[in-house]
Amino acid sequence: FKFSVSLNVSENKHPFKMLCFNSFGEVYSHFLLVLQAVALIVEVRLQRVVPSFHSTQLLQAPKGHYVELNFTLKTSYPTPCINDMYLEVRDGHNESSNLLGVFCGSNISGIVRSSGQNLWLRKSDKFNHEWLHNNFSGSYIKPNLDKVVETQLVLFNHSSSLWCPAQGAPAPVIVWRKNGILVQNSTSVLYQLNITGEKNGNYSCEVNTQDGFDKKRIHLVIESEF
C-alpha cells in the first residue's frame, strides 16, 4: 500500500509528531521526534592583496559582508608622525565617512574592520605597505574598549579630539556621552570638542557587547596654547 507523511510542528517547541497514513487515510504509525536547534555562524573569507595606490583607495566587499584590513606600515623616516606620514581608515565609501582610525609609525601593524561593505583608505606615498583585506559574512567578534586611553590631552579654547578606538567585528557603534547625555552615536572613534571653560564636563564612550556594555570614562588634561 501507499503511505504519505505529514509533519505537525508547534512554534517555539522542540518536540513534533510525524504521522504516517495509509492509502485509506488511516493513521498507520506515528513517531515523536525531538529537534535540537543549533545556531550556526557561517564565516566566508575571501582574502585579497590590497593593490598599490597613490593616495586613496576604496575596498569593497559583497553586500552583506564587511571588510577586514590587515596592515603593516614600514618607512625609513625617523619621525613619520611628525612628517605627516599616516594611514587613515574610514567606515564607508569616501572621506566624509566615520573615522575608524589614523595610524602612523616606522613599523606598525594593525587590523581594522568596517561595519558594512565599504572601507575607505588614505595614505602618504612615503610608506611601503604590506596589506591584505578580507571579506567576511556572519563572523562576529565581541566589541571591547581595551585600547582606549583613559587620560587624554585637550587644548583650552581650541578644537580638540577625544579618541575611543573600539575593537570588534563588524565595526561597533560607539556611544559618546557628556555628563551622561548622549552627544554622538556612530562607528567613529573620534569625538571633537571645544573646551572654553574650567568646567569641561565628564566624557565617556561605550559599546554594546550584547550581554551588557563596555564603558570607559575619559579624564581630560587641559592645556593652554602658550
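Any read-out appearing in this document is the output of simple, stated calculations on the displayed coordinates, not a laboratory observation. A quick note: this is a predicted structure, and the numbers were derived from the prediction, not measured. Because the Cβ atoms are built from the backbone with ideal geometry, glycine has one as well, and the counts that use them run over all protein chains shown.
Taking θ as phi - 60° and the Karplus parameters 6.51, -1.76 and 1.60, the scalar couplings of the range 212-219 work out to x, 10, 9, 10, 10, 8, 10, 8 Hz in sequence order, x denoting glycine and proline.
Kindly rank 108-121, 58-71, 184-197 from highest to lowest mean number of other beta carbons found within 10 Å of each residue. Walk me through the numbers before you get to the answer.
Numbers: 108-121: 20.2, 58-71: 18.2, 184-197: 16.1.
Order by mean packing, descending: 108-121, 58-71, 184-197.
Within the range 72-226, the ratio Rg/Rh, alpha carbon atoms throughout and Rh by Kirkwood, equals 0.98.
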